[in-house]
1. Can you list residue pairs whose Cβ atoms sit under 6 Å apart, with the first residue in the range 57-84 being over 14 Å from residue 111 (Cα atoms) and assigned by TED's automatic domain parsing to the domain that holds residue 33 and the second being part of a helix (DSSP H, G or I) and modelled with pLDDT under 95? Count only pairs 6 or more apart in sequence or on different chains.
2. When you scan the range 179-259 for helices (runs of 4 or more DSSP H) that lie fully inside it, which ones turn up with 2 or more residues that are of a type in the set (Gly, Ala, Ser)?
3. So is residue 266 surrounded by fewer than 20 Cβ atoms within 10 Å (Cβ to Cβ) and modelled with pLDDT of 95 or more or not?
4. Within the group 231, 209, 200, 219, which residue is within 20 Å of residue 68 (Cα to Cα), free of Cβ contacts under 8 Å to residues at least 60 places away in the same chain and of a type in the set (Gly, Ala, Ser)?
5. Taking the condition of being within 16 Å of residue 220 (Cα to Cα), out of contact with any Gly (no Cβ under 9 Å at 6 or more places or on another chain) and in contact (Cβ under 8 Å) with a residue 60 or more places away in the chain, how many residues in the range 251-275 meet it?
6. What number of residues within the range 55-105 are touching a strand residue (DSSP E or B) at 6+ places or on another chain (Cβ under 7 Å), polar (S, T, N, Q) and more than 22 Å from residue 161 (Cα to Cα)?
Amino acid sequence: MKRVLLILLITTLLLGCSNKQQDQNKTYRIAVITMMQGGEFWGALKNGARSARSATGSVLEFLAPVNESDYEGQISAVQRAIDQQFDAIVLSPSHYTRLEDVVAKARSKGIKVVFADTSLMNVHPDFSITADYQAIGKAMAEHAFSHFAEGEPIKALVLGSMPNTSSMTAIVEALAANFAKKEGAAIVNATYSFTDEAIAKDITTSALASDPSINLIFALEEYTAHGVANALKENQKVHFIAFGTTQYEIQLLEQGVIDALVVVNSFNLGYRAVMAAIDLLNGIKPIEKLVDFDLVTKESMFSEEHQRLLFQTLQ
């Protein structure tokens, strides 16, 4: 009798392990919803997500509006994922309040939601993966200060892309806090280009014309950086720190037009976000770890570490 019970117990345990293994091998449908369709940052994120798809066999669908400012388009993409009963959604919210209702709705339907890069103010996901944007803002300010002599006046123009994302808000707040601590340093203008290169160029041209004492510009998004670069004259002595990894920005970095590029490992961001969604669906708690970033300069850009960061799509 004891022998029979032992056999039954072993059989039950083996079946339980088998079922668990089957769950972990299940093919899940995951919607990856970025802020916009184009852009190097989002392209690298999607490549990272594709790498996770290859490793797990999951089915991914990429959804995004054409422009980051199309909040309704991103809301519609989340609603589409709900209607089509996706197992999980990886989302980079383009507005920190406008998407709260639709995200809450997705979670109420049992869909796992992972935020990648940005977040919402009042509605929480099942998991979130991002970089430390406060630390990024501090690093940008400190690097900028290193280009000026002690006591030399610093007057900065800050050009963000979208005003209502958690990441952009964190960077601008960190820049403002660090400038407030630096004697002789001031942010004379902080505004947004709405990821429009032409708008960024016009803002830069107008700001420099109205205040020639501006000697530092921060461009916090790649299209914004392109507009700033196109507005700067070759002989204009303005220090320029930009965010992104486009070929144009890398060329400007090598030429010394850009003093430093802020690079977030968005490939890793996309990979880990999809893997986190799969872990959640399998009942596993994902590892909590910030995505890495660095400031790349002309002197460091050819190091192996920074080459990997600059050309993430080749990973």
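The values are calculated or read from the model by the stated rules, or taken from the named source; none is laboratory data. A quick note: this is a predicted structure, and the numbers were derived from the prediction, not measured. Using ideal geometry, Cβ is built from the backbone for each residue, glycine included, and neighbour counts are taken over all protein chains shown.
1. Partner pairs satisfying both residue conditions: 60/53.
2. Answer list for the range 179-259: 197-210, 222-231.
3. Here the answer is no, as residue 266 does not meet what is asked.
4. Of the residues listed, the single one that is within 20 Å of residue 68 (Cα to Cα), free of Cβ contacts under 8 Å to residues at least 60 places away in the same chain and of a type in the set (Gly, Ala, Ser) is 200.
5. Within the range 251-275, residues that are within 16 Å of residue 220 (Cα to Cα), out of contact with any Gly (no Cβ under 9 Å at 6 or more places or on another chain) and in contact (Cβ under 8 Å) with a residue 60 or more places away in the chain number 3.
6. Residues in the range 55-105 being touching a strand residue (DSSP E or B) at 6+ places or on another chain (Cβ under 7 Å), polar (S, T, N, Q) and more than 22 Å from residue 161 (Cα to Cα): 1 in total.
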